[in-house]
Ligand code: UD1
């Protein structure tokens with residue numbers, strides 16, 4: 001029996017874990033251990049997702065909570081090192097680009113445990129983003145690099161990562177979308193929120209570069225209020241954004257609806273029938289591209305360029321006029337062709353499980 005230990009901690013990790021957990025559960029000779037670092041701890045940022053995505057309760061919760069980057073990363077490392085020393089897994093899987101990801105890679109690599117990185121090779125080339133630092137560290141230390149797209153594999157090769165470590169398996173986030181889409185359609189969240197199909201805008205913003213500086217946040221809210229004068233704008237807010245918004249004046253506009261974070265299926269249901277998504281999230285750039293929903297990403301760069309070249313995404317600076325011009329350029333017909341992106345097909349987790357089993361000779 002071989003032991004695969006997955007380390008997750010933040011909301012976007014959970015959608016990547018769910019399909020991998022399902023695929024590994026079919027392998028008889030694998031024991032899959034799930035460790036939640038506790039980076040995200042509010043029920044609507046964490047336990048709701050485990051329940052909805054039908055992920056087994058984590059075997060361990062390190063309960064690190066919030067803190068500065070160093071403090072949070074160090075707390076994860078200290079607790080995970082103790083756990084891994086005891087459990088001696090054959091492989092540690094790290095997901096995405098959050099602090100829990102880099103901490104897991106550092107701990108496992110130093111203990112001589114193989115590291116698998118799911119969603120390897122993405123690069124924004126912007127080191128002011130904490131996620132970019134996490135990606136660089138994690139990829140450098142990983143033994144198996146599971147990439148979502150060919151450009152990601154190319155980035156790794158250009159950095160001198162040996163080709164035999166790179167596995168182009170596709171996008172595991174899309175596995176979760178494929179799995180949940182029927183339930184999301186059934187839920188019909190637009191009806192529940194009284195939104196006209198294909199004629200409303202979904203917004204999420206939580207990056208430090210957009211929400212930590214009050215002037216930038218105020219400019220963005222002002223632009224969104226303007227957008228909301230002629231179509232409903234629904235904005236489920238991350239706790240970071242909710243905290244920052246308290247210090248700026250929210251423009252009075254009945255069309256702009258600020259909400260608490262929304263559960264996975266409900267969010268997918270809203271996004272799948274939206275006319276437009278405005279975001280700074282990585283996952284939404286991918287989900288909208290898969291679904292064919294127009295997406296405006298309020299960032300100077302993206303580590304997911306394939307969503308711009310083959311998907312529905314475009315980048316816009318966090319400036320009022322730029323954002324409004326971009327929104328006006330979107331037709332919002334409610335009828336969108338769905339792009340086909342290579343290996344974004346719902347089968348990525350099976351490929352990951354296959355690679356792990358071949359490599360470790362689990363079966
Ligand atoms: C983290 C990831 C980011 C990802 C995002 C998704 C890093 C460096 N960043 O950012 O890449 O897109 O998750 O959500 O890992 N908070 C709560 N409740 C929670 C969690 C956080 O209130 O359950 C608040 C706390 O005030 C905390 C702040 O949000 O200080 C930021 O949380 P943190 O985990 O540090 O980073 P995120 O902004 O969530």
Grab the DSSP H runs of the chain that are 4 residues or longer, score each as -39,500 (n - 2.57), total them, divide by all residues and round the 222 nm result to the nearest 500 deg cm²/dmol.
-> -13500 deg cm²/dmol
Rounded if a/c is under 1.5, else prolate if a/b beats b/c, else oblate: with a ≥ b ≥ c from the C-alpha gyration tensor eigenvalues square-rooted, which is the range 1-80?
-> oblate
Per the C-alpha gyration tensor (a ≥ b ≥ c, the square roots of its eigenvalues), the range 30-120 is rounded if a/c is under 1.5, else prolate if a/b beats b/c, else oblate; here it's oblate
Would you mind ranking 37, 348, 241, 147 by Cβ crowding within 10 Å, fewest neighbours first?
-> 241, 147, 348, 37
What list do you get for 126, 139 if you sort them by fewest beta carbons within 10 Å?
-> 126, 139
Of 58-68, 105-115, ordering from highest average Cβ density within 10 Å down gives 105-115, 58-68
Ordered by packing density, taken as the mean number of other Cβ atoms within 10 Å over each peptide's residues, highest first, how do 279-290, 229-240 rank?
-> 279-290, 229-240
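Taking neighbour counts of Cβ atoms within 10 Å as a proxy for exposure, in what order, fewest first, do 200, 264 appear?
264, 200
FYI, it's all coordinate maths here, none of it is from the lab. For clarity, every value in this text was computed on a predicted model and none was experimentally measured. Cβ coordinates were reconstructed from backbone atoms using ideal geometry, including for glycine residues, and neighbour counts include every protein chain displayed.
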